[in-house]
1. Among the numbered conditions (1) in the same structural domain as residue 234 (by TED's automatic domain parsing); (2) in contact with a helix residue (DSSP H, G or I) (Cβ under 8 Å, 6 or more places away or on another chain); (3) without any contact (Cβ under 8 Å) to a residue 12 or more places away in the chain, tell me where residue 335 comes up short.
2. Please list, ordered by residue number, the helices (runs of 4 or more DSSP H) wholly in segment 288-354 having 3 or more residues that are within 28 Å of the chain's Cα centre (by Cα).
3. For segment 113-141, how many residues meet the condition of being modelled with pLDDT of 95 or more and part of a strand (DSSP E or B)?
4. Can you name every residue in segment 307-333 that is under 18 Å from residue 241 (Cα atoms) and at pLDDT below 95?
5. Scan segment 247-279 for residues that are free of Cβ contacts under 8 Å to residues at least 40 places away in the same chain, closer than 22 Å to residue 220 by Cβ and assigned to a helix (DSSP H, G or I) and jot them down.
6. May I ask you to say which residue of 233, 216 is buried (at least 20 other Cβ atoms within 10 Å of the Cβ), in a helix (DSSP H, G or I) and touching a helix residue (DSSP H, G or I) at 6+ places or on another chain (Cβ under 9 Å)?
(Lines give C-alpha, C1' and ligand atoms only; values in the text may rest on other atoms or scores of the structure.)
Protein backbone atom coordinates (compact mmCIF):
# COMPACT_ATOMS: atom_id res chain seq x y z
CA UNK A 1 0.00 0.00 0.00
CA UNK A 2 1.04 3.57 -0.56
CA UNK A 3 2.78 5.08 2.40
CA UNK A 4 3.50 8.57 3.58
CA UNK A 5 5.82 9.42 6.46
CA UNK A 6 6.50 5.70 7.08
CA UNK A 7 2.92 4.84 7.71
CA UNK A 8 0.54 3.04 5.44
CA UNK A 9 -2.04 5.73 4.46
CA UNK A 10 -3.97 7.61 1.76
CA UNK A 11 -4.97 11.28 1.42
CA UNK A 12 -7.54 13.21 -0.60
CA UNK A 13 -8.52 16.92 -1.08
CA UNK A 14 -11.94 18.56 -0.23
CA UNK A 15 -13.97 21.50 -1.63
CA UNK A 16 -15.03 24.39 0.53
CA UNK A 17 -18.60 25.50 -0.19
CA UNK A 18 -21.71 23.38 0.22
CA UNK A 19 -23.09 24.58 -3.09
CA UNK A 20 -19.93 23.61 -4.95
CA UNK A 21 -19.91 20.19 -3.33
CA UNK A 22 -23.51 19.56 -4.32
CA UNK A 23 -22.97 20.82 -7.88
CA UNK A 24 -19.85 18.69 -8.14
CA UNK A 25 -22.08 15.69 -8.72
CA UNK A 26 -23.22 17.24 -11.99
CA UNK A 27 -20.34 19.42 -13.17
CA UNK A 28 -17.65 17.80 -15.33
CA UNK A 29 -14.05 17.12 -14.45
CA UNK A 30 -11.55 17.75 -17.18
CA UNK A 31 -8.26 15.87 -17.44
CA UNK A 32 -5.32 16.41 -19.73
CA UNK A 33 -2.58 13.77 -19.94
CA UNK A 34 1.10 14.72 -20.10
CA UNK A 35 3.81 12.07 -19.74
CA UNK A 36 3.43 10.54 -16.26
CA UNK A 37 0.96 13.11 -14.95
CA UNK A 38 -2.65 14.15 -15.30
CA UNK A 39 -3.85 17.73 -14.96
CA UNK A 40 -7.34 17.87 -13.41
CA UNK A 41 -9.57 20.89 -13.11
CA UNK A 42 -12.53 20.76 -10.71
CA UNK A 43 -14.69 23.89 -10.52
CA UNK A 44 -11.71 25.96 -11.62
CA UNK A 45 -9.37 24.36 -9.06
CA UNK A 46 -6.35 22.84 -10.85
CA UNK A 47 -4.69 19.70 -9.48
CA UNK A 48 -1.73 17.86 -10.93
CA UNK A 49 -1.42 14.11 -10.24
CA UNK A 50 1.56 11.94 -11.13
CA UNK A 51 3.29 8.67 -10.34
CA UNK A 52 6.99 7.92 -10.80
CA UNK A 53 9.36 5.12 -9.85
CA UNK A 54 12.50 5.96 -7.90
CA UNK A 55 14.46 4.10 -10.57
CA UNK A 56 13.52 3.90 -14.21
CA UNK A 57 15.63 0.76 -14.67
CA UNK A 58 15.96 -2.06 -12.15
CA UNK A 59 17.16 -5.65 -12.06
CA UNK A 60 14.79 -8.53 -11.43
CA UNK A 61 14.50 -8.77 -7.65
CA UNK A 62 15.70 -5.22 -7.03
CA UNK A 63 13.27 -3.10 -5.01
CA UNK A 64 12.09 0.30 -6.17
CA UNK A 65 9.54 2.70 -4.74
CA UNK A 66 6.53 4.20 -6.47
CA UNK A 67 5.76 7.79 -5.53
CA UNK A 68 2.21 9.04 -6.06
CA UNK A 69 2.04 12.83 -6.00
CA UNK A 70 -0.80 15.36 -5.89
CA UNK A 71 -0.08 19.05 -6.42
CA UNK A 72 -2.60 21.72 -5.40
CA UNK A 73 -1.93 24.30 -8.10
CA UNK A 74 -4.91 26.43 -7.11
CA UNK A 75 -4.90 29.58 -4.97
CA UNK A 76 -7.24 27.96 -2.45
CA UNK A 77 -6.32 26.00 0.65
CA UNK A 78 -7.86 22.51 0.70
CA UNK A 79 -7.97 19.51 2.99
CA UNK A 80 -6.87 15.96 2.31
CA UNK A 81 -8.27 13.00 4.20
CA UNK A 82 -5.96 10.18 5.16
CA UNK A 83 -6.98 6.55 4.80
CA UNK A 84 -5.50 3.15 3.99
CA UNK A 85 -5.81 2.18 0.34
CA UNK A 86 -9.08 4.05 -0.25
CA UNK A 87 -10.37 3.13 -3.70
CA UNK A 88 -6.76 2.51 -4.74
CA UNK A 89 -5.71 -0.02 -7.35
CA UNK A 90 -2.21 -0.48 -8.77
CA UNK A 91 -1.63 -2.75 -11.76
CA UNK A 92 1.57 -3.80 -13.51
CA UNK A 93 1.32 -4.82 -17.17
CA UNK A 94 3.98 -6.26 -19.47
CA UNK A 95 4.63 -5.22 -23.06
CA UNK A 96 1.81 -7.39 -24.39
CA UNK A 97 -0.68 -5.86 -21.97
CA UNK A 98 -0.90 -8.86 -19.63
CA UNK A 99 -1.45 -7.71 -16.03
CA UNK A 100 0.68 -9.42 -13.40
CA UNK A 101 -1.11 -11.20 -10.54
CA UNK A 102 -1.49 -9.09 -7.39
CA UNK A 103 -0.23 -10.50 -4.08
CA UNK A 104 -3.00 -11.71 -1.78
CA UNK A 105 -2.54 -10.10 1.62
CA UNK A 106 -5.83 -11.47 2.89
CA UNK A 107 -7.64 -8.12 2.71
CA UNK A 108 -9.38 -6.17 -0.01
CA UNK A 109 -9.03 -2.46 -0.64
CA UNK A 110 -9.99 -0.26 2.31
CA UNK A 111 -12.86 2.07 1.50
CA UNK A 112 -12.68 4.48 4.43
CA UNK A 113 -11.17 7.88 5.10
CA UNK A 114 -9.82 9.21 8.38
CA UNK A 115 -8.30 12.44 9.57
CA UNK A 116 -8.46 15.60 7.41
CA UNK A 117 -5.01 17.04 6.76
CA UNK A 118 -4.24 20.56 5.48
CA UNK A 119 -3.42 20.66 1.75
CA UNK A 120 -2.34 24.27 1.23
CA UNK A 121 -2.43 26.23 -2.01
CA UNK A 122 0.59 25.39 -4.19
CA UNK A 123 1.27 22.51 -1.79
CA UNK A 124 2.25 18.96 -2.67
CA UNK A 125 1.25 15.64 -1.12
CA UNK A 126 3.28 12.48 -1.77
CA UNK A 127 2.87 8.81 -0.86
CA UNK A 128 5.23 5.96 -1.59
CA UNK A 129 5.15 2.18 -1.62
CA UNK A 130 7.34 -0.63 -2.84
CA UNK A 131 6.50 -1.77 -6.35
CA UNK A 132 6.75 -5.37 -5.17
CA UNK A 133 3.70 -4.81 -2.95
CA UNK A 134 1.61 -4.76 -6.12
CA UNK A 135 3.11 -7.60 -8.13
CA UNK A 136 6.23 -9.71 -8.68
CA UNK A 137 8.19 -9.00 -11.86
CA UNK A 138 10.10 -12.13 -12.86
CA UNK A 139 11.05 -11.42 -16.48
CA UNK A 140 12.98 -8.60 -18.20
CA UNK A 141 11.01 -6.09 -20.24
CA UNK A 142 9.18 -2.77 -20.23
CA UNK A 143 6.35 -2.61 -17.70
CA UNK A 144 3.51 -0.10 -17.43
CA UNK A 145 2.33 0.76 -13.94
CA UNK A 146 -1.16 2.19 -13.59
CA UNK A 147 -2.40 3.78 -10.37
CA UNK A 148 -6.13 4.40 -10.01
CA UNK A 149 -7.04 6.32 -6.89
CA UNK A 150 -10.04 8.26 -5.68
CA UNK A 151 -9.20 11.56 -4.04
CA UNK A 152 -11.59 13.52 -1.84
CA UNK A 153 -11.62 17.34 -1.85
CA UNK A 154 -12.84 19.78 0.74
CA UNK A 155 -12.32 23.53 0.88
CA UNK A 156 -10.07 24.80 3.64
CA UNK A 157 -9.76 28.57 3.23
CA UNK A 158 -11.62 29.13 6.51
CA UNK A 159 -10.61 25.86 8.13
CA UNK A 160 -12.15 22.41 7.91
CA UNK A 161 -15.92 22.26 8.46
CA UNK A 162 -17.23 18.72 8.93
CA UNK A 163 -20.77 19.90 8.17
CA UNK A 164 -19.85 20.67 4.58
CA UNK A 165 -20.09 17.83 2.04
CA UNK A 166 -17.04 16.48 0.30
CA UNK A 167 -16.28 15.57 -3.29
CA UNK A 168 -14.61 12.41 -4.60
CA UNK A 169 -12.27 12.76 -7.55
CA UNK A 170 -11.24 9.58 -9.45
CA UNK A 171 -7.67 9.83 -10.79
CA UNK A 172 -5.58 7.60 -13.03
CA UNK A 173 -1.87 7.98 -13.77
CA UNK A 174 0.73 5.76 -15.42
CA UNK A 175 4.48 5.35 -15.59
CA UNK A 176 6.90 2.86 -17.18
CA UNK A 177 10.00 1.08 -15.94
CA UNK A 178 12.58 -1.11 -17.65
CA UNK A 179 13.48 -4.38 -15.92
CA UNK A 180 16.75 -6.08 -16.84
CA UNK A 181 18.16 -9.50 -15.99
CA UNK A 182 19.53 -10.02 -12.48
CA UNK A 183 23.25 -9.56 -11.90
CA UNK A 184 24.45 -11.42 -8.81
CA UNK A 185 27.59 -9.31 -8.34
CA UNK A 186 25.69 -6.03 -8.64
CA UNK A 187 22.97 -7.29 -6.29
CA UNK A 188 25.64 -8.22 -3.76
CA UNK A 189 26.99 -4.68 -3.86
CA UNK A 190 23.50 -3.28 -3.37
CA UNK A 191 22.85 -5.59 -0.41
CA UNK A 192 26.05 -4.41 1.23
CA UNK A 193 25.09 -0.77 0.68
CA UNK A 194 21.56 -1.27 2.00
CA UNK A 195 22.79 -3.28 4.98
CA UNK A 196 25.31 -0.61 5.97
CA UNK A 197 22.67 2.10 5.62
CA UNK A 198 20.24 0.12 7.74
CA UNK A 199 22.78 -0.51 10.49
CA UNK A 200 23.72 3.17 10.52
CA UNK A 201 20.03 4.16 10.30
CA UNK A 202 20.57 6.26 7.19
CA UNK A 203 18.40 6.24 4.08
CA UNK A 204 15.95 3.50 3.11
CA UNK A 205 18.35 0.62 3.59
CA UNK A 206 16.17 -1.25 6.10
CA UNK A 207 13.09 -1.32 3.88
CA UNK A 208 15.10 -2.33 0.82
CA UNK A 209 17.11 -5.11 2.42
CA UNK A 210 13.95 -6.44 4.06
CA UNK A 211 12.06 -6.52 0.77
CA UNK A 212 14.42 -8.77 -1.21
CA UNK A 213 14.99 -12.51 -1.03
CA UNK A 214 18.72 -13.17 -1.06
CA UNK A 215 20.54 -15.08 1.66
CA UNK A 216 23.35 -12.52 1.58
CA UNK A 217 20.92 -10.22 3.41
CA UNK A 218 20.66 -12.53 6.43
CA UNK A 219 23.80 -11.35 8.30
CA UNK A 220 22.53 -7.77 8.19
CA UNK A 221 19.01 -8.79 9.18
CA UNK A 222 20.46 -10.80 12.05
CA UNK A 223 22.12 -7.70 13.47
CA UNK A 224 19.00 -5.60 12.90
CA UNK A 225 16.92 -8.22 14.74
CA UNK A 226 19.00 -7.47 17.85
CA UNK A 227 18.11 -3.79 17.74
CA UNK A 228 16.43 -2.19 20.73
CA UNK A 229 14.40 -0.12 18.27
CA UNK A 230 10.97 -1.74 18.03
CA UNK A 231 10.16 -1.01 14.39
CA UNK A 232 13.63 -2.02 13.21
CA UNK A 233 13.42 -5.32 15.06
CA UNK A 234 9.92 -6.09 13.80
CA UNK A 235 10.90 -5.34 10.18
CA UNK A 236 14.01 -7.51 10.38
CA UNK A 237 12.15 -10.46 11.95
CA UNK A 238 9.37 -10.26 9.39
CA UNK A 239 11.99 -10.40 6.63
CA UNK A 240 13.83 -13.32 8.26
CA UNK A 241 10.61 -15.32 8.11
CA UNK A 242 11.22 -15.72 4.36
CA UNK A 243 14.41 -17.73 4.92
CA UNK A 244 14.93 -21.34 5.98
CA UNK A 245 18.60 -21.27 6.94
CA UNK A 246 19.71 -22.38 10.39
CA UNK A 247 20.89 -18.82 11.13
CA UNK A 248 17.51 -17.30 10.28
CA UNK A 249 15.57 -19.91 12.26
CA UNK A 250 17.85 -19.49 15.28
CA UNK A 251 17.17 -15.74 15.32
CA UNK A 252 13.42 -16.29 15.11
CA UNK A 253 13.55 -18.82 17.94
CA UNK A 254 15.62 -16.48 20.09
CA UNK A 255 13.02 -13.75 19.69
CA UNK A 256 10.29 -16.00 21.03
CA UNK A 257 11.84 -15.26 24.42
CA UNK A 258 12.42 -11.51 24.04
CA UNK A 259 11.43 -9.38 27.06
CA UNK A 260 10.65 -5.74 27.70
CA UNK A 261 14.25 -5.21 28.75
CA UNK A 262 15.25 -5.77 25.13
CA UNK A 263 13.06 -2.91 23.84
CA UNK A 264 14.25 0.67 24.11
CA UNK A 265 12.60 4.11 24.26
CA UNK A 266 9.57 2.97 26.27
CA UNK A 267 7.99 5.23 28.87
CA UNK A 268 6.83 2.39 31.10
CA UNK A 269 7.65 -1.25 31.74
CA UNK A 270 4.10 -2.15 30.68
CA UNK A 271 4.62 -0.58 27.25
CA UNK A 272 7.96 -2.34 26.88
CA UNK A 273 6.42 -5.72 27.73
CA UNK A 274 3.54 -5.13 25.31
CA UNK A 275 5.97 -4.37 22.48
CA UNK A 276 8.05 -7.41 23.44
CA UNK A 277 4.92 -9.56 23.14
CA UNK A 278 4.38 -8.19 19.63
CA UNK A 279 7.95 -9.08 18.72
CA UNK A 280 7.45 -12.63 19.98
CA UNK A 281 4.26 -12.93 17.94
CA UNK A 282 6.03 -11.80 14.75
CA UNK A 283 8.80 -14.34 15.34
CA UNK A 284 6.20 -17.08 15.85
CA UNK A 285 4.39 -16.06 12.67
CA UNK A 286 7.66 -16.29 10.73
CA UNK A 287 8.20 -19.84 11.96
CA UNK A 288 4.64 -20.81 11.06
CA UNK A 289 4.83 -19.37 7.53
CA UNK A 290 8.13 -21.09 6.79
CA UNK A 291 8.22 -24.12 4.50
CA UNK A 292 10.85 -25.67 6.76
CA UNK A 293 9.84 -28.62 8.93
CA UNK A 294 12.59 -27.53 11.32
CA UNK A 295 10.88 -24.14 11.72
CA UNK A 296 7.57 -25.87 12.45
CA UNK A 297 9.26 -28.08 15.02
CA UNK A 298 10.67 -25.03 16.79
CA UNK A 299 7.23 -23.40 16.97
CA UNK A 300 5.49 -26.57 18.18
CA UNK A 301 8.09 -26.92 20.90
CA UNK A 302 6.62 -23.67 22.26
CA UNK A 303 3.00 -24.80 22.03
CA UNK A 304 2.57 -24.32 25.80
CA UNK A 305 4.37 -20.96 25.87
CA UNK A 306 3.21 -18.40 28.42
CA UNK A 307 2.19 -15.99 25.63
CA UNK A 308 -1.26 -16.79 24.19
CA UNK A 309 -0.30 -15.37 20.77
CA UNK A 310 2.46 -17.96 20.39
CA UNK A 311 0.13 -20.78 21.43
CA UNK A 312 -2.52 -19.53 19.00
CA UNK A 313 0.01 -19.39 16.15
CA UNK A 314 1.04 -22.97 16.94
CA UNK A 315 -2.64 -24.02 16.82
CA UNK A 316 -3.01 -22.40 13.40
CA UNK A 317 0.02 -24.37 12.22
CA UNK A 318 -1.49 -27.61 13.55
CA UNK A 319 -4.77 -26.82 11.83
CA UNK A 320 -2.99 -26.60 8.48
CA UNK A 321 -1.17 -29.91 8.95
CA UNK A 322 -4.26 -32.15 9.24
CA UNK A 323 -2.37 -35.19 10.57
CA UNK A 324 -3.10 -37.58 13.44
CA UNK A 325 -0.26 -36.11 15.48
CA UNK A 326 -1.59 -32.60 14.82
CA UNK A 327 -5.08 -33.64 15.89
CA UNK A 328 -3.69 -35.12 19.10
CA UNK A 329 -2.00 -31.82 19.99
CA UNK A 330 -5.12 -29.87 19.07
CA UNK A 331 -7.11 -31.98 21.53
CA UNK A 332 -4.65 -30.91 24.22
CA UNK A 333 -5.17 -27.26 23.26
CA UNK A 334 -8.94 -27.50 23.75
CA UNK A 335 -8.13 -27.21 27.46
CA UNK A 336 -6.05 -24.04 27.03
CA UNK A 337 -6.89 -21.20 29.45
CA UNK A 338 -7.23 -18.73 26.55
CA UNK A 339 -10.62 -18.49 24.82
CA UNK A 340 -9.18 -17.87 21.34
CA UNK A 341 -6.74 -20.77 21.58
CA UNK A 342 -9.46 -23.16 22.77
CA UNK A 343 -11.91 -21.94 20.15
CA UNK A 344 -9.51 -22.32 17.25
CA UNK A 345 -8.37 -25.75 18.42
CA UNK A 346 -11.99 -26.92 18.49
CA UNK A 347 -12.73 -25.36 15.12
CA UNK A 348 -9.83 -27.15 13.45
CA UNK A 349 -10.84 -30.46 15.02
CA UNK A 350 -14.35 -30.06 13.63
CA UNK A 351 -12.92 -29.26 10.17
CA UNK A 352 -10.70 -32.33 10.44
CA UNK A 353 -13.66 -34.42 11.72
CA UNK A 354 -11.60 -35.61 14.68
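The values are calculated or read from the model by the stated rules, or taken from the named source; none is laboratory data. Being a predicted model, the structure only gives us computed values, none of them experimental. Every residue, glycine as well, gets a Cβ built from its backbone with ideal geometry; the counts of neighbours run over all protein chains shown.
1. (1)
2. 293-300, 308-321, 339-352
3. The qualifying residues number 1.
4. None - no residue of segment 307-333 is under 18 Å from residue 241 (Cα atoms) and at pLDDT below 95, so the list stays empty.
5. 247, 248, 250, 251, 254, 255, 262, listed by residue number.
6. On the way: 216 fails: buried (at least 20 other Cβ atoms within 10 Å of the Cβ).
233 is the lone residue from the list that is buried (at least 20 other Cβ atoms within 10 Å of the Cβ), in a helix (DSSP H, G or I) and touching a helix residue (DSSP H, G or I) at 6+ places or on another chain (Cβ under 9 Å).
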